[in-house]
Amino acid sequence: MNENPYRAIEHGGPGTVGWRIHYYAEVGSTQQIAETLALDGAAHGSVVIAESQAAGHGRLGRQWFSPAGVNLYASVILRPAIAAVDVPVLSLAAGVALAEAVETLAPGLAGLKWPNDLWIRGKKAGGMIAQLLGGSTLCVVLGIGVNLNLEANQVPPDLRAIATSILIETGKPVDRVKFAATFFARLDERIRQVQQTGFAPIAPVWDRYSILKGKQVTVFDGQTRHSGTVQGIDRSGALLLVEDGETRRVVAGDVTIEKFER
């Protein structure tokens, strides 16, 4: 393991996001390392960060492009005092925290695509995934990938129409350690809020960042496709889709925007 540049932002004690940061030059995925640490008893708030990932992945097993030394690839171990049924809202709360952190560098540019993507100017710049681990107590590994200093010429040709970074959109390089500190502080606050009052108070904030509101979309839940206009999300984080004049609650699915205007 190389010297850990993120040690400087470790703070607090067990139970605070970022109290302990495990740093690696390259891993298969930060999720894999974090799962092992969690099963060995790592405390709530422990973080794994890697410079690059050989097998980073997002929702539905999709590969996450993870070049070395330019972005933030992290997994956070959470042992939240919530019901297992409420685990999906953790990625929504993390999305708000990530958007809030991006706002400090790119005011007015951060957007969220339900359920767990960060978008900037019509392109994907990051994502979150919450994985529930088995065991006698609730434990979740929250994976985050966000493109910070990725340059345009580093984006594979097949991703250039859909992927971007803060550097590409603002022209300004990002201090990755400082960004991580900002994000972990916001994430800690939002996770505590979920535990204390549930997701309902955060839902309107998420809605303000939504890029889907009023858009025509198709949602595929693995079996059925539904098409309609996005009304927003409800207090539990479900997507509200108006289809044939009726409002449908969508609790999980892959969303395709029929037409996106920047």
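The values are calculated or read from the model by the stated rules, or taken from the named source; none is laboratory data. Because the structure is predicted, anything quoted here is derived from the model rather than measured. Here the Cβ is made from the backbone with ideal geometry for all residues, glycine too, and neighbour counts use every protein chain on show.
Can you name the residue in region 1-29 that is hydroxyl-bearing (Ser, Thr, Tyr) and not in a loop (DSSP other than H, G, I, E, B) and, of all such residues, is nearest to ARG79 (Cα to Cα)?
Out of the qualifying residues, it is TYR23.
Quick one: in region 79-119, of everything that is free of Cβ contacts under 8 Å to residues at least 60 places away in the same chain and part of a loop (DSSP other than H, G, I, E, B), which residue is surrounded by the most Cβ atoms within 10 Å (Cβ to Cβ)?
It comes out as ASN116.
For residues that are modelled with pLDDT of 95 or more and in a loop (DSSP other than H, G, I, E, B), scanning just region 41-67, find the one that is surrounded by the fewest Cβ atoms within 10 Å (Cβ to Cβ).
Within region 41-67, the match that is surrounded by the fewest Cβ atoms within 10 Å (Cβ to Cβ) is GLY41.
ALA161 - would you say it is closer than 24 Å to VAL230 by Cβ, modelled with pLDDT under 95, surrounded by fewer than 20 Cβ atoms within 10 Å (Cβ to Cβ) and not β-branched (Val, Ile, Thr)?
Answer is yes for this residue.
Does GLY15 fit the bill of being over 19 Å from the mean Cα position of the chain (by Cα) and either under 20 Å from LEU187 (Cα atoms) or at pLDDT 95 or above (or both)?
Yes; evaluated as a whole, the condition is true for this residue.
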